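Below you'll find the structure, written out as structure tokens, and then a few comments.
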Amino acid sequence: MARRITTTLENARRLAVTKQHLAGRLPSKPDSNSILEVFRDLGCIQLDPISAVAPSHLIVLWSRLGNFDTADLEQLLWRDKKLFEYWAHQSSLVLMEDYPLYHSMMRGYPESFVKPWGTAWRLRVQRWLSEHSDLRDYVLKELKQKGPLLSRQFEDKSRVRPRGSGWGSSGDVSRMLFHLFFKGEVMVVGRQGNQKLRDLSERFLPSWVSKKNLSEEEVETEAVQRAIRALGTANASEIDFHFLRGRYRNLKATLKRLLDESQIHPIEIDGKPFGKGERYVHANDVPLLEKIEEKWKPRISLLSPFDNLICDRTRTRLLFNFDFTVEIYTPPHKRKYGYYVLPILYGDRLIGRIDPLMDRKKETLQIKAVHAERNAPKGSEISAEIAKTIESLSRFLKAKKIVYSKNVPRFWRDSLRSLK
């Protein structure tokens, strides 16, 4: 039977940070295996096209690995095929060894996405796919004969279709590629800049990949445990937001079964329930939690706006007392902190944020602003560590210099300033 665990808020935060590979020393020589270890513990890393500093998934890996070779990631994706693009808690990079989890959802598409996107959406998709079966055949035939292809290569071809055919627009082709991607018939097999190269899944998937047909219960049982382990501790709403976001259709029953099997345990923080509903910790992480104080090795990290640790804004506010909003789409005059802000993680505390911009033409990392939280530590040692972390980021970005604005907290200025 499951037993009730108790811990402190500080140790719950430390467990979360440790499970996210954001504590302890960075690996001295990160390689492909280091990248895979991060993926195995995080489950997925979100993709986002904005690269004001660098693409988000690269910042997420840099925060955990330091100055890793991005060529290792490219090889894992396109040559070794140990990672691939699919939909986890958003468009993400995921593990090929987890393919059975996604294969089960692919087979059930669009029904498998009803919970996050709604019944009306599912009916629209089913109707559209039924009405455009000839377009599906065309896209798959083109890929079979000429793939891999960019979407615009389909679009050029589609323009020669006679008017009235019903699918002559480039939007229809892109829409069909979207649905075939979710159905698992088409995969992203490479990129040309920001453009996706697509091909038939049967041609791209490695021979060793498992296509085991998992039941909905098996998928959910595995995914719930992966979410809890990645988060350290989590309640039902946090689990539902993580990993296979919004696709836990029987979450209450799955949690009860895992409790009955003692795979997870209820946990109280500071002697009382914490947040909304029961909170859980995985049985395999209880020994780590019990020794977290003696094993704790804090460091300073800069986090992508879409980092796994903070992507759930409600959880971030609850666990870290840190209000974080992505202001990318906020009008400039209404932004409080900046366009592409990176929170500063110091040990188990979020103590501030920076507003950086990478000027690739000038090979310069601009720090447009540095903001400190109200209770941020003010010592010179902390500011020096923040400066070292920003310098590490600049090396990863291959910037030749760092330029700070004057918008830096007074008590951190000695370290966070441009060198003359």
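The values are calculated or read from the model by the stated rules, or taken from the named source; none is laboratory data. Because the structure is a prediction, the values reported are computed rather than measured. Cβ placement follows ideal geometry from the backbone for every residue including glycine, while neighbour counts extend to all protein chains displayed. The protein model used for the area step is the full one, side chains on, heavy atoms only, and it has no ligands, DNA or RNA in it. Shrake-Rupley method; radii C 1.70, N 1.55, O 1.52, S 1.80 Å.
A few remarks follow.
- When residues in the stretch 118-138 are screened for being closer than 27 Å to residue 149 by Cβ and open to solvent by 70 Å² or more (accessible area, probe 1.4 Å), 7 of them pass.
- Candidates are the residues of the stretch 21-41 that are outside any loop (DSSP other than H, G, I, E, B) and either at pLDDT below 95 or within 30 Å of residue 359 (Cβ to Cβ) (or both); the one that is most open to solvent (accessible area, probe 1.4 Å) is 34.
- Condition check for residue 335: open to solvent by 20 Å² or more (accessible area, probe 1.4 Å), of a type in the set (D, E, K, R) and in contact (Cβ under 8 Å) with a residue 40 or more places away in the chain: no
- Qualifying residue in the stretch 185-204 (condition: among the charged types (D, E, K, R) and touching a Pro at 6+ places or on another chain (Cβ under 7 Å)): yes
- Only a single item in (1) open to solvent by 20 Å² or more (accessible area, probe 1.4 Å); (2) modelled with pLDDT under 95 is not met by residue 89, and it is number (1).
- Lone qualifier among 319, 350, 365, 309 - being surrounded by 14 or more Cβ atoms within 10 Å (Cβ to Cβ) and part of a helix (DSSP H, G or I): 319
- Of everything in the stretch 217-254 that is touching a Lys or Arg at 6+ places or on another chain (Cβ under 8 Å) and of a type in the set (Lys, Arg), the residue that is nearest to residue 106 (Cα to Cα) is 247.
- Cβ separations smaller than 8 Å between residues 6+ apart or across chains give the following pairs from the stretch 378-402 residues that are more than 22 Å from residue 347 (Cα to Cα) to residues that are surrounded by fewer than 19 Cβ atoms within 10 Å (Cβ to Cβ) and of a type in the set (D, E, K, R): 398/363; 399/363; 400/363; 401/363; 402/391.
- Tallying residues that are in a helix (DSSP H, G or I) and without any contact (Cβ under 8 Å) to a residue 24 or more places away in the chain within the stretch 118-137 yields 11.
- Residue list for the stretch 196-246, restricted to those being over 24 Å from residue 115 (Cβ atoms), open to solvent by less than 30 Å² (accessible area, probe 1.4 Å) and touching a Ser or Thr at 6+ places or on another chain (Cβ under 8 Å): 232
- Checked against (1) within 13 Å of residue 278 (Cβ to Cβ); (2) in contact with a helix residue (DSSP H, G or I) (Cβ under 7 Å, 6 or more places away or on another chain), residue 235 passes all but condition (2).
- In the stretch 271-292, the qualifying residues are those that are at pLDDT below 95 and either part of a helix (DSSP H, G or I) or not charged (D, E, K, R) (or both), and the one that is surrounded by the most Cβ atoms within 10 Å (Cβ to Cβ) is 274.
- The condition of being part of a strand (DSSP E or B) and within 29 Å of residue 118 (Cα to Cα) does not hold for residue 253.
- Test for residue 384: is it of a type in the set (A, V, I, L, M) and crowded, with 18+ Cβ neighbours inside 10 Å: no
- Filtering the stretch 175-194 to residues that are touching a Ser or Thr at 6+ places or on another chain (Cβ under 9 Å) and small (Gly, Ala, Ser) leaves only 184.
- For residue 90: the one exception among (1) free of Cβ contacts under 8 Å to residues at least 12 places away in the same chain; (2) over 21 Å from residue 26 (Cβ atoms); (3) not acidic (Asp, Glu): (1)
- Filter pass, residue 18 being open to solvent by 10 Å² or more (accessible area, probe 1.4 Å) and either assigned to a helix (DSSP H, G or I) or charged (D, E, K, R) (or both): yes
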